[in-house]
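Note sheet for the following structure.
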Amino acid sequence: MSGLVILGATGSVGRQAVEVADLLGVHIVGLAAGRPSEKLVELAESHPDAAVAVAGGSGEERERFASRLGGRVSFGSEAVAELAATSGALVLNGIVGSAGLASTLAALSAGNRLALANKESLVAGGPLVRAALERGGGELIPVDSEHSALHQLLQGRAPGEVESLVLTASGGPFRGRSLAELEAVTPEQALAHPTWKMGGRISIDSATLVNKGLEVIEAHLLFDIGFDRIEVVVHPQSVVHSLVRLVDGALLAHVGHTDMRVPIAYAITHPERRVLDLPPFPLAGLRLDFESPDLEAFPALDLAYRAGRAGGSMPAVFNAADEVAVAAFLQGRLGFASIPTVIESTMASMSGAFAGDLAEVMAIDAESRSVAASMVAGAC
Ligand code: MG
């Protein structure tokens, strides 16, 4: 490995990846973010060998940013994808949203190891991602905590030994509430996730179970397993990160801290394990609860299974519609309980046809967004 490239470096996962890399002594050779920010300047200054790429920003913002960091900065989404294709690099993709797909494809096409925290890459562009992985001969290690757990549990297992995968869901802040009780919840309440500290969209997606739905699709693509062999169980403590049922009845669980630095470190060091400065996970007094998800109150999970089974571009439609609905909810333009309604009606008006390349995926993504936006307008 020639070093680590961190995409989405100023985001929640990106910042923790920088921390882990510094702790493990892994050389950071690239940093990318969506916008030129003070935080990115700081990261660039503390990592003087890193090339820096910024996807967005106005002309003036870019000029000011470049004047502080000099010739190692490049701009535009192509610059981010180019950084992802750095020869021999390990690329951690912590970009949020479908904007991360281009970099995922660039990293895998270049034969790099990709530590993937951008779940939309797999959800929106699953077949393309798998093709790029095969063509480029790179490696794909999930960073999402549940999939990291599954990746770890599946080491050394033959496919015929696995009965099913069990994804755990915290249930979010509204676990136990009825559909009617969800009508009046506010963005502030939805952003208060009980166990994980995360960014805005993913917190809302956890509250609606959309996040778990995306993760079901992600698991299907990562581990090449049918949807009828992927289960979801609500586990409020979030200390069991996922489980694998084996054909002989054994049930393997991955248990530990709710700390993203663990899956980040695993993705960077796999197949080795390195020391992280975490205290031993306390077992005494530990209580574990499991319950079935309430599909009536949280219908988005079922919609995700439907999108996944439909295949083609339907998962991309599901994802894009959710992004629009969540943004509208956070701006107070859409009720919480209407998020799945917007997703469902957007799915109903899109064909879900297979997308053959990145341009087609992005076109379907854009079309889904405009359909979803009209559904939002209609729901108000
Ligand atoms: Mg997760």
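The values are calculated or read from the model by the stated rules, or taken from the named source; none is laboratory data. Computed from a prediction, not measured in an experiment: that's the story for all the values here. Counting neighbours? That spans all protein chains shown, and the Cβs are built from the backbone with ideal geometry, glycine included. The accessibility values were calculated without ligands, DNA or RNA, using every heavy atom of the protein model including side chains. Shrake-Rupley method; radii C 1.70, N 1.55, O 1.52, S 1.80 Å.
Please verify whether region 206-218 includes one or more residues that are at pLDDT below 95, under 24 Å from Gly11 (Cα atoms), open to solvent by 40 Å² or more (accessible area, probe 1.4 Å) and hydroxyl-bearing (Ser, Thr, Tyr).
No, there is no match, as no residue in region 206-218 is at pLDDT below 95, under 24 Å from Gly11 (Cα atoms), open to solvent by 40 Å² or more (accessible area, probe 1.4 Å) and hydroxyl-bearing (Ser, Thr, Tyr).
To keep it simple, each residue is scored yes or no on (1) open to solvent by 30 Å² or more (accessible area, probe 1.4 Å); (2) touching a residue at least 40 places away in the same chain (Cβ under 8 Å); (3) under 20 Å from Thr104 (Cβ atoms).
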position: Gly3; (1), (2), (3): no, yes, yes
position: Ala9; (1), (2), (3): no, yes, yes
position: Gly14; (1), (2), (3): no, yes, yes
position: Gly30; (1), (2), (3): no, yes, yes
position: Ala33; (1), (2), (3): no, no, yes
position: Pro36; (1), (2), (3): no, no, no
position: Lys39; (1), (2), (3): yes, no, no
position: Ala44; (1), (2), (3): no, no, no
position: His47; (1), (2), (3): no, no, no
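Pick out, from region 155-247, the strands (runs of 3 or more DSSP E) lying fully within it that include 3 or more residues that are over 18 Å from Leu301 (Cα atoms).
240-246
Which residue pairs have Cβ atoms under 7 Å apart, sit 6 or more places apart or on different chains, and have a first residue in region 143-161 that is farther than 15 Å from Leu221 by Cα and a second that is in a helix (DSSP H, G or I) and within 11 Å of the ligand (Cβ to nearest atom)?
Every condition considered, the pairs that remain are Ser145/Pro263.
Kindly state which strands (runs of 3 or more DSSP E) lie completely within region 66-147 and contain at least 1 residues that are among the polar types (S, T, N, Q), more than 16 Å from the ligand (Cβ to nearest atom) and open to solvent by 40 Å² or more (accessible area, probe 1.4 Å).
73-75
Take Ser121 and tell me if it is farther than 25 Å from Gly3 by Cβ and either of a type outside the set (Phe, Trp, Tyr) or out of contact with any His (no Cβ under 6 Å at 6 or more places or on another chain) (or both).
So Ser121 fails the test.
Return yes or no: is Glu231 at negative phi and more than 14 Å from the ligand (Cβ to nearest atom)?
Answer is yes for this residue.
Please give the number of the condition Glu78 fails out of (1) modelled with pLDDT under 95; (2) at negative phi.
(1)
Checking Met260 against (1) more than 14 Å from the ligand (Cβ to nearest atom); (2) open to solvent by 10 Å² or more (accessible area, probe 1.4 Å); (3) in contact with a helix residue (DSSP H, G or I) (Cβ under 6 Å, 6 or more places away or on another chain), which test does it fail?
Looking at each condition in turn, Met260 falls short on (1).
Among what's in region 188-203 and is modelled with pLDDT of 65 or more and surrounded by 17 or more Cβ atoms within 10 Å (Cβ to Cβ), pick the residue that is nearest to the ligand (Cβ to nearest atom).
It comes out as Ile202.
Within region 229-236, does at least one residue satisfy the condition of being open to solvent by 50 Å² or more (accessible area, probe 1.4 Å) and within 30 Å of Arg309 (Cβ to Cβ)?
yes
When you scan region 351-380, how many residues do you find that are more than 22 Å from the chain's Cα centre (by Cα) and open to solvent by less than 20 Å² (accessible area, probe 1.4 Å)?
1
Could you check Ala184 against (1) buried (at least 24 other Cβ atoms within 10 Å of the Cβ); (2) of a type in the set (A, V, I, L, M); (3) away from the ligand (no atom under 16 Å from the Cβ) and say which number it fails?
All conditions pass for Ala184, except number (1).
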